[in-house]
Amino acid sequence: MTDSLWAVGKTGVEELRKAIEKSGLKLDAKNPEMVVVLGGDGSILRANREFPNSSILPIIKESFGGLADLRYSQFDYALEKIKKNEYKIEEVLKVEVQYKDFKTWGLNEVAICRDDEQCNRMKVFSDGKDLYEKELIGDGILACTASGSTGYCYAAGGEVLGKTERKFEIVPLYCNYMGNDVVDDRKVLTRVTGGKVFPEGKEVIVAYNRKIRNKIVPDSIQKERRYFDFDVGDEVIIRSSRENGKFVKILI
């Protein structure tokens with residue numbers, strides 16, 4: 001049985017803490033083994049950053065989210081299951097992004113995109129192969145996990161992966177390349193569509209061909225975003241993280 005729990009999230013979280021105490025389980029706000037998160041995906045992603053070593057039990061009340069399975073009304077039932085040790089820990093892949101000495105990770109995704117009037121000019125490599133065989137011109141690159149592939153990743157044109165697949169995906173954001181497309185007798189840039197999927201352990205290198213200011217934003221959490229002035233020849237490395245995200249799955 002778990003040693004300690006804490007509850008965070010939206011309106012109603014105090015009732016969850018009281019229910020935990022009433023059940024006889026221990027409350028621990030500093031280093032809980034398990035964190036109950038009341039809210040949608042945004043609340044879950046913020047809690048995962050605040051408690052990166054804890055297992056997350058998502059509880060949904062009114063929000064929509066792809067990471068939560070249990071409803072607010074089922075919480076007492078979940079506590080009984082936890083007391084009986086009738087749950088399992090499901091581990092999911094996180095994605096890591098490195099620029100020079102800076103590293104960050106995302107449970108769902110990390111966006112590397114322009115904060116500049118100019119577009120990025122990039123080439124993308126893995127195992128020494130130019131993945132697009134062209135210079136990409138556009139906003140940036142989205143690095144996504146399997147568990148996050150139904151959100152921003154899917155909206156940007158990426159592939160939906162199984163939640164526990166040990167894979168990550170990169171998706172160009174509003175990118176084109178110099179091609180031969182013609183629309184209404186006018187030559188236009190060729191649109192880049194879809195993502196590319198990689199197994200755990202692979203690395204992807206994004207090489208930049210223009211001086212430009214970019215921002216790196218993990219899991220759309222604005223307080224975690226960082227700004228950098230990229231130079232020609234700078235690289236971003238995308239890989240699977242050594243640390244996993246952990247979710248509590250109540251056994252029915």
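Bear in mind that the values in this text are calculations on the coordinates, not laboratory data. Treat the numbers as computed from the prediction; the structure is a model and nothing was measured. Cβ: placed from backbone, ideal geometry, glycine included. Neighbour counts: every protein chain shown.
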**Item:** Computed Rg/Rh of the range 118-196, alpha carbon atoms with Kirkwood Rh
**Value:** 1.03
**Message:** Helix-only mean residue ellipticity at 222 nm, the chain, DSSP H runs n ≥ 4 weighted -39,500 (n - 2.57), per residue, nearest 500. What is it?
**Reply:** -3500 deg cm²/dmol
**Prompt:** What residue among Gly158, Gly201, Gly42 shows peak mean-square fluctuation when the chain is described by a Gaussian network model with Cα springs under 10 Å?
**Reply:** Gly201
**Fill in**
Between the modelled labels at Lys88 and Asp185 (7 Å from Cα along Cα→Cβ) the distance in nm is 6.4
**For the chain: Kirkwood Rh in Å [reciprocal of mean 1/r, alpha carbons]** = 19.5
**Message:** Assuming 0.36 nm per residue, please report the length gained on full extension of the stretch Glu224 to Ile205 beyond their Cα-Cα distance.
**Reply:** 4.6 nm
**Request:** Using only the alpha carbon atoms of the range 93-242, find the Kirkwood hydrodynamic radius as the inverse mean reciprocal pair distance, in angstroms to one decimal.
**Result:** 15.4
**Fill in**
Tilt, helix 13-23 to longest principal axis of the chain (alpha-carbon atoms), in degrees rounded to tens, equals 40
**Asked** Across 5 Å bins from 0, what is the distribution of all Cα-Cα pair distances for the range 5-85, in whole percents?
**Response** 3, 17, 30, 28, 18, 5, 0
**Item:** Those lysines that a straight Cα-Cα span of less than 18 Å connects to Lys246, excepting residues fewer than 8 apart in one chain
**Value:** Lys30, Lys81, Lys88, Lys94, Lys163, Lys167
**Message:** So if I take the centroid of the Cα atoms in the range 176-208 and the same for the range 93-138, what is the distance between those two points in Å?
**Reply:** 13
**Asked** In degrees between 0 and 90, to the nearest 10, how far off the longest principal axis of the chain does helix 41-50 point, with axes built from Cα atoms?
**Response** 80
**Request:** May I ask you to evaluate 6.51 cos²θ - 1.76 cosθ + 1.60, the Karplus curve with θ = phi - 60°, for each residue of the range 203-212 and list the ³J(HN,Hα) values in order in whole Hz, giving x for glycine and proline?
**Result:** 10, 10, 10, 9, 9, 9, 10, 8, 5, 6
**Item:** Highest-MSF residue in the chain out of Thr164, Thr104, Thr11 [GNM, Cα springs under 10 Å]
**Value:** Thr11
**Item:** GNM top mover of Leu27, Leu142, Leu131 - the chain, alpha-carbon springs below 10 Å
**Value:** Leu131
**Message:** Can you bin every Cα-Cα distance in the range 149-238 into 10 Å intervals starting at zero and give me the percent of pairs per bin, rounded to whole numbers?
**Reply:** 13, 34, 38, 13, 2
**Request:** Quick one: work out the % antiparallel among DSSP beta bridges in the range 5-85, nearest 5.
**Result:** 0
**Item:** the range 172-211 residues near the modelled Lys100 label - backbone nitrogen below 17 Å, point 7 Å along Cα→Cβ
**Value:** 206-211
